Amino acid sequence: MRIRGSGKDTSGFGGSGSRSDSFRRKHHLKKKVRGVLLKNVEDNMAWVEIDGDRLLAQLEVIHPEGTRLTFVIEQLSPNIVLKELKGGGRQGGGGVLDRANAFDSARALFEARFISFIQDPDTPRPCITSGDFFTILAGSRELLARYADAVRCADGLTESLDDGRGRFLYQPWLAPGSRRQVTFVRKTPEGLTEAVVEFDHPSMGLVRAEFLHKNDRVACKLKMQHMAHAEPLTRYLASRVHPNLAAQADPPHITKLPQRCHGGVIAEHLFR
């Protein structure tokens, strides 16, 4: 896909300055980017939006308007050239690796915008409820579109599961100051509900909260990549144990995340 035009934005979509120069400032060669096809025009041309930049592109394959597409940047100068990755669109099935890459890209695009709401010095949000989260989305059309894309990609991961008993979810409000959040829920053969909430924390590294639920009882284990904050976190959790936890007198035990788990819960269930 070749991007045409590097002049002022006169597309009617709004914005100012050089569209191509804005894109070049944000991205680098070989980077994967995701975008949405806004409008098809004549001669296999289309308006696409990638990370907030609306660009006129020459497409090799025509897609329906609204399709989510994944590209790799092959050239930035003198012209921008993007290669479409198969399986990255909303309409395509793709393989397991395509779906995992699509979710990772969509999640990263959402986080890049969402983090500004969390780290705003005027309204710091160290933790938020799901209600707070969707209120934020309601105030930003761009953010809502990015979240919806990540949710669709998470659903694609679920379709790749062999046993059909599990489901991947994207719930960024559970760890708003972190990155790479993903939740995996499944029914075990013993009738338990297992939930794994995973995210990449700035200080603790990869963190995994594992829950087991049955008959209104819940047990929890917490594992983290870097243990420097384990002791103060243990004290904090001891003061906030939920009354329905199975080990109420003993708060969730914190252990070091095993090396074999560093690839993440997605890799564990899709690439075993």
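Pick out, from region 118-217, the strands (runs of 3 or more DSSP E) lying fully within it that include 1 or more residues that are of a type in the set (Ser, Thr, Tyr) and either surrounded by 12 or more Cβ atoms within 10 Å (Cβ to Cβ) or modelled with pLDDT under 90 (or both). It would help to see each step written out before you state the result.
Values: elements: 166-169, 179-187, 193-201, 205-214.
Passing ranges, in order: 179-187, 193-201.
Collect the residues in region 33-69 that are aliphatic (A, V, I, L, M) and open to solvent by 40 Å² or more (accessible area, probe 1.4 Å), keeping them in residue-number order. Don't jump to the end; show me each part of the working.
Within region 33-69, the first condition is being aliphatic (A, V, I, L, M), and the residues that meet it are 33, 36-38, 41, 45-46, 48, 50, 55-57, 59, 61-62, 69.
Hits for region 33-69 are 38, 41, 56, 61, 62.
Hey, does region 38-54 have a residue that's outside any loop (DSSP other than H, G, I, E, B), at pLDDT below 80 and within 29 Å of residue 177 (Cα to Cα)?
Of all residues in region 38-54, those outside any loop (DSSP other than H, G, I, E, B) come to 38-41, 45-50, 53-54.
If we keep only those that are at pLDDT below 80 as well, we get none.
Checked region 38-54: no residue is outside any loop (DSSP other than H, G, I, E, B), at pLDDT below 80 and within 29 Å of residue 177 (Cα to Cα).
Out of region 177-207, which residues are within 23 Å of residue 102 (Cβ to Cβ), touching a residue at least 24 places away in the same chain (Cβ under 8 Å) and in contact with a Lys or Arg (Cβ under 9 Å, 6 or more places away or on another chain)? Write out each step before concluding.
As a first pass, look at region 177-207 and keep what is within 23 Å of residue 102 (Cβ to Cβ): 178-186, 196-200, 206.
Among the residues that remain, those that are also touching a residue at least 24 places away in the same chain (Cβ under 8 Å) are: 178-182, 184, 196-199, 206.
Of everything in region 177-207, those that are within 23 Å of residue 102 (Cβ to Cβ), touching a residue at least 24 places away in the same chain (Cβ under 8 Å) and in contact with a Lys or Arg (Cβ under 9 Å, 6 or more places away or on another chain) turn out to be 179, 180, 181, 182, 184, 196, 197, 198, 199, 206.
The values are calculated or read from the model by the stated rules, or taken from the named source; none is laboratory data. Keep in mind the model is a prediction, meaning the values are calculated, not measured. Counting neighbours? That spans all protein chains shown, and the Cβs are built from the backbone with ideal geometry, glycine included. SASA here: full protein model, heavy atoms, side chains in, ligands and nucleic acids out. Shrake-Rupley method; radii C 1.70, N 1.55, O 1.52, S 1.80 Å.
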